[in-house]
Amino acid sequence: MGFRSERLASSAMPGQFLMLRVDSNSKDPLLRRPFSIHEKSDDNRLTILYKVVGQGTSLFSTLKEDDSISVIGPLGNGFSLPHPEERAILVAGGMGIAPLFFLAQALSRAQKRHMKMLLGFPTSQEVVLADQLKDLGVNLSLATEDGSLGFRGLVTDLFDQSIDQESEAKPIIYACGPRPMIKKIVNKAMTFNLKCFVSMEGFMACGLGICLGCAIKAAQGKEKVYYYVCQDGPVFSAEMIDWEVM
Amino acid sequence: MAASPDLSVDIGGLRIKNPVIAASGTFGYGTKLITFYDPSLLGAIIVKGLSLRPIPGNPPPRTAETPCGLLNSIGLANIGIDAFIDEKLPSLDTIRTPIITNIYGRTIEEYGELAKRIEKVDGISAIEINISCPNVDKGGMVFGTDPDTAAMVTDQVARNTTKPVIVKLTPNVTDITVIARAVESAGAQALSVTNTFLGMSVDVATRRPKLANIVGGLSGPAIKPMALYLVYKVVAAVSIPVIGVGGIIDYHDALEFLLVGARAIQVGTANFINPRAAIEIVQGLNDFCVRENVSNIVQIIGSVVTE
C-alpha cells in the first residue's frame, strides 16, 4: 500500500517506521499499527508492505485509490549505512523484507555497490519483490522452507553457508524477520565477529516514546535495563540487546 | 454570545484554565508531544508516575490490544524523582500550565519522602498520589484497596506538603466510595477516578497470556461506562472535587463525565492514538459551550438530568 506525502517522503530514511490508522474515529481496532517504510519513490510516494493478519491489516485491503489514511512518522532511528569499502549482506525472513528493500534501494542508488541479499519464505507463492531486487542489481539468494523455489530450508541455513564461504573481508550484516530467525543470524554474526544491525518489532501503543510498551531488554553492562523499540530503535546494533531473553 | 466561554475550574485549590488534564503515563515527562501542539493550552499535565529510585519496568510484552481497549503492564518504569527534578523539570519551564507529579512508593514512608522532595520545588503545582497501579508487586494498588492504608498514605503526603493533594483511586474494590471517603478524611483535596481495571488476555495459539506479567490494567473506551459510573458514585459520596478519567477519547466523552459531576477530566490512552486528542477536547468543549450558550463550564458540571 502506498501513499503520497511530500513532508513524510522528504525525511524518510531506510529502517524508519510509520504509525498508521485507517479510520480516525475507530474504537475497534483502537490503536495505530507500526509499519516499516518499504519503499520511497521519486514522486513522494511511500509504500508499506503488509500481509492481512488481523483487524488492522484487513481494513487496509478495503482502501481504494485516493482514500486518505492517518499517518504519524517517520519514526525511529533508521539503519546506519555501511562505509563505501564495506560489503553488505541483507538477510530477510518473510515480511522482514520490508525495511531491507528500502535499504537495498538506498544503497544501490547512493553507492552502486555490490550487495548480497538472502531472502527466506515458507513457499514460492509467498515470495515477493525478488524481481525488483534483481533490477536493483542485488545478488539475490532465495530459500523456501518447502523447497519450491531456491534453496530448500531456512534463510538462516543459507546465511550460515554464505558466512562459511566468506573470504577474509568482513561483511556488515543487516537483518529483519521473525525473532527466532534474527536470533540465529545474530548468533552467527557474533561468532564471526561481524558488525550486525537488526530491525526489531515490539508491541507498542503510541510509537512516540510515551507508552513505554515496546521495551526490549538491553545487554548486560549497558547503561539502561530496557531499550524502547520506537525511540532507541527499531534498528539496533546486535550487541546492544540481551539475546538470552529473546 | 460574544465573549468566549469561561472553561476554568478549581480542583482542590488549584485553578486550571480548562478542565482537560493529560493523564499520568500517557504524556511522558511533559514535552514528548510538543511537536503536535503547545501543551500550555491544556488545563494541566500529570507526568509519568515517579518513585524515589528509578524503576526499569516489567519484562515485555507490556501491552496488548483488546476490543476498544488497551491492556498494559508497564510496571511504573520511570527515571526517579531526583532525575525528574534535575533533568526534566527545567525543560518544562516554558510550559505555561500546572505540572502535577504522580508519585508511587513501595512503603508509606516513601510516599512521605517523595512529598518532601516535591514540596521544595516551585515548578510542581500539585501531587497526585498513585495508590492504584495494578502492575507492581509492592505498594501501588495494595495501598488503594484498603481504606485504612489508603488514608495513611494520604495523610503521610498531606503532612509533608502544602501543595494540593489529589488521590488516584483504583476501581478494583468492592465499594470505591469507602476508599474515597477515607482519603478525603485523611486530607485529600481532590480525587482522580479511576485508574485501570485489572484484566488479562490470552493468545490461544501459544496458550500464553499476552502480557509477560500475565495480568495488567485495562484502559480505553472499553472502560468508559464503568469509569463514568464510579465517578457518578464518588461525586455523591464526597465533597471534594472529582477528576474523571477512563476511556475519554473525544469531547463528548468529556462532557459525559462533567455532566455526572466531574470537576475536570483526564485524557490518557487517547494520547497514544491521536497525539492531539487532549487539545481537540479543549477545543470541542469550548465550541460546545459556544453552541449551547454556556458562558461558564461550571454550569455543565453535575447537571445531568435524572428525574
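Looking only at region B:1-37, how many residues end up being in a strand (DSSP E or B) and among the hydrophobic types (A, V, I, L, M, F, W, C)? Spell out the reasoning first.
Taking region B:1-37 first, the residues in a strand (DSSP E or B) are B:6, B:9-11, B:14-16, B:20-22.
Keeping just the survivors that are among the hydrophobic types (A, V, I, L, M, F, W, C) gives B:9, B:11, B:14, B:16, B:20-22.
So the count comes out to 7.
Kindly list, by first and then second residue, each pair from a residue in region B:261-278 that is within 14 Å of chain A (Cβ to nearest Cβ) to a residue that is surrounded by fewer than 24 Cβ atoms within 10 Å (Cβ to Cβ) and among the acidic types (Asp, Glu), limited to pairs with Cβ atoms under 8 Å and residues at least 6 apart or on different chains.
The qualifying pairs are B:Ala270/B:Asp250; B:Asn274/B:Glu280; B:Ala277/B:Asp250.
If you scan region A:123-144, which residues turn out to be more than 17 Å from the chain's Cα centre (by Cα), surrounded by 15 or more Cβ atoms within 10 Å (Cβ to Cβ) and in a loop (DSSP other than H, G, I, E, B)?
Matches in region A:123-144: A:Leu136 only.
Identify the single condition in (1) more than 14 Å from every other protein chain (Cβ to nearest Cβ); (2) on the phi < 0 side of the Ramachandran plot; (3) of a type outside the set (A, V, I, L, M); (4) touching a helix residue (DSSP H, G or I) at 6+ places or on another chain (Cβ under 8 Å) that B:His252 does not satisfy, given that it satisfies every other one.
(1)
Do we have A:Lys224 as among the basic types (Lys, Arg) and in a strand (DSSP E or B) here? Break it down stepwise before answering.
Numbers: among the basic types (Lys, Arg): yes; in a strand (DSSP E or B): no.
When the stated conditions are applied, A:Lys224 does not pass them.
Residues are listed down the side, and each one gets a yes or a no for (1) farther than 25 Å from B:Ser219 by Cβ; (2) buried (at least 20 other Cβ atoms within 10 Å of the Cβ); (3) touching a helix residue (DSSP H, G or I) at 6+ places or on another chain (Cβ under 8 Å):
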residue	(1), (2), (3)
A:Ile172	yes, no, no
A:Met181	yes, yes, yes
A:Phe197	yes, yes, yes
A:Ala218	yes, no, yes
A:Lys222	yes, no, yes
A:Tyr227	no, yes, yes
A:Ala238	yes, yes, yes
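Can you find, within region A:26-68, the residue that is farthest from A:Pro14 (Cα to Cα) among those that are polar (S, T, N, Q) and within 11 Å of another protein chain (Cβ to nearest Cβ)? Quick ask: steps written out before the conclusion?
First, pick out the residues of region A:26-68 that are polar (S, T, N, Q): A:26, A:36, A:41, A:44, A:47, A:55, A:57-58, A:61-62, A:68.
Then drop every residue that is not within 11 Å of another protein chain (Cβ to nearest Cβ), which leaves A:26, A:55.
Details: A:Ser26: 30, A:Gln55: 27 Å.
Looking at the filtered set, the residue picked out is A:Ser26.
Kindly indicate whether any position in region A:227-234 is of a type outside the set (D, E, K, R), over 27 Å from B:Ile273 (Cβ atoms), in contact with a Phe, Trp or Tyr (Cβ under 8 Å, 6 or more places away or on another chain) and not in a helix (DSSP H, G or I).
Here is the first cut: in region A:227-234, the ones of a type outside the set (D, E, K, R) are A:227-231, A:233-234.
Narrowing the set further to residues that are over 27 Å from B:Ile273 (Cβ atoms) leaves none.
Taking every residue of region A:227-234 in turn, none turns out to be of a type outside the set (D, E, K, R), over 27 Å from B:Ile273 (Cβ atoms), in contact with a Phe, Trp or Tyr (Cβ under 8 Å, 6 or more places away or on another chain) and not in a helix (DSSP H, G or I).
Can you confirm whether region B:228-247 contains a residue that is in a loop (DSSP other than H, G, I, E, B), at positive phi and within 12 Å of another protein chain (Cβ to nearest Cβ)?
Residues of region B:228-247 that are in a loop (DSSP other than H, G, I, E, B), as a first pass: B:238-241, B:246-247.
Retained after the next criterion (residues that are at positive phi): B:246-247.
Pick out the ones that are also within 12 Å of another protein chain (Cβ to nearest Cβ) and you get B:247.
Looking for residues that are in a loop (DSSP other than H, G, I, E, B), at positive phi and within 12 Å of another protein chain (Cβ to nearest Cβ), one finds at least one in region B:228-247, hence yes.
Which residues, counting only those in region A:145-173, are without any contact (Cβ under 8 Å) to a residue 24 or more places away in the chain and part of a helix (DSSP H, G or I)?
Selection gives A:Asp157, A:Gln161, A:Asp164.
Can you name the condition, by its number, that A:Glu201 falls short on among (1) assigned to a loop (DSSP other than H, G, I, E, B); (2) away from chain B (no Cβ under 14 Å); (3) not hydrophobic (A, V, I, L, M, F, W, C)?
Every condition holds for A:Glu201 apart from (2).
Residues that are among the β-branched types (Val, Ile, Thr) and free of Cβ contacts under 8 Å to residues at least 24 places away in the same chain, at least 1 per element: which helices (runs of 4 or more DSSP H) completely within region B:70-181 meet that? First the steps, then the outcome.
Details: elements: B:108-119, B:141-144, B:147-158.
Helices (runs of 4 or more DSSP H) meeting the threshold: B:141-144.
For A:Gly209, indicate whether it is within 14 Å of another protein chain (Cβ to nearest Cβ) and either among the charged types (D, E, K, R) or buried (at least 19 other Cβ atoms within 10 Å of the Cβ) (or both). Spell out how you get there, then give the answer.
Details: within 14 Å of another protein chain (Cβ to nearest Cβ): yes; either among the charged types (D, E, K, R) or buried (at least 19 other Cβ atoms within 10 Å of the Cβ) (or both): no.
Spelling it out, it is not the case that A:Gly209 is within 14 Å of another protein chain (Cβ to nearest Cβ) and either among the charged types (D, E, K, R) or buried (at least 19 other Cβ atoms within 10 Å of the Cβ) (or both).
From the list A:Leu63, A:Leu107, A:Leu149, exactly one residue is crowded, with 18+ Cβ neighbours inside 10 Å and not polar (S, T, N, Q). Which is it? Step through it out loud before you land on a result.
Values: A:Leu63 fails: crowded, with 18+ Cβ neighbours inside 10 Å; A:Leu149 fails: crowded, with 18+ Cβ neighbours inside 10 Å.
The match here is A:Leu107.
Looking at (1) assigned to a loop (DSSP other than H, G, I, E, B); (2) within 23 Å of B:Ile249 (Cβ to Cβ); (3) within 14 Å of chain B (Cβ to nearest Cβ); (4) out of contact with any Cys (no Cβ under 7 Å at 6 or more places or on another chain), which is the one condition that is false for A:Val71?
(1)
In region B:205-227, how many are more than 10 Å from chain A (Cβ to nearest Cβ), outside any loop (DSSP other than H, G, I, E, B) and in contact with a Ser or Thr (Cβ under 9 Å, 6 or more places away or on another chain)? First the steps, then the outcome.
Of region B:205-227, the ones more than 10 Å from chain A (Cβ to nearest Cβ) are B:205-209, B:213-218, B:223, B:225-227.
Add one more test, that the residue is outside any loop (DSSP other than H, G, I, E, B), and what stays is B:208-209, B:216-218, B:223, B:225-227.
Filter once more, keeping what is in contact with a Ser or Thr (Cβ under 9 Å, 6 or more places away or on another chain): B:209, B:216-218, B:223, B:226-227.
Residues flagged as more than 10 Å from chain A (Cβ to nearest Cβ), outside any loop (DSSP other than H, G, I, E, B) and in contact with a Ser or Thr (Cβ under 9 Å, 6 or more places away or on another chain) within region B:205-227 amount to 7.
Hey, can you tell me all the residues within region A:42-63 that are in a loop (DSSP other than H, G, I, E, B) and either modelled with pLDDT of 95 or more or in contact with a helix residue (DSSP H, G or I) (Cβ under 8 Å, 6 or more places away or on another chain) (or both)?
Going residue by residue through region A:42-63, those that are in a loop (DSSP other than H, G, I, E, B) are A:42-44, A:48-54, A:61-63.
A:Asn44, A:Ile48, A:Leu49, A:Tyr50, A:Lys51, A:Val52 - these are the residues of region A:42-63 that are in a loop (DSSP other than H, G, I, E, B) and either modelled with pLDDT of 95 or more or in contact with a helix residue (DSSP H, G or I) (Cβ under 8 Å, 6 or more places away or on another chain) (or both).
Sort out which residues of region B:38-59 are part of a loop (DSSP other than H, G, I, E, B) and within 13 Å of chain A (Cβ to nearest Cβ), and write them in order of number.
At the first step, the residues of region B:38-59 found to be part of a loop (DSSP other than H, G, I, E, B) are B:38, B:42-43, B:51-54, B:56-59.
Hits for region B:38-59 are B:Arg53, B:Pro54, B:Pro56, B:Gly57, B:Asn58, B:Pro59.
Out of region A:1-41, which residues are hydrophobic (A, V, I, L, M, F, W, C), crowded, with 20+ Cβ neighbours inside 10 Å, within 19 Å of the chain's Cα centre (by Cα) and in a loop (DSSP other than H, G, I, E, B)?
Hits for region A:1-41 are A:Ala12, A:Ile37.
The values are calculated or read from the model by the stated rules, or taken from the named source; none is laboratory data. Since we're looking at a predicted model, the values are computed, not measured. All Cβ positions, even for glycine, are placed from backbone atoms using ideal geometry, and neighbour counts span all protein chains on display.
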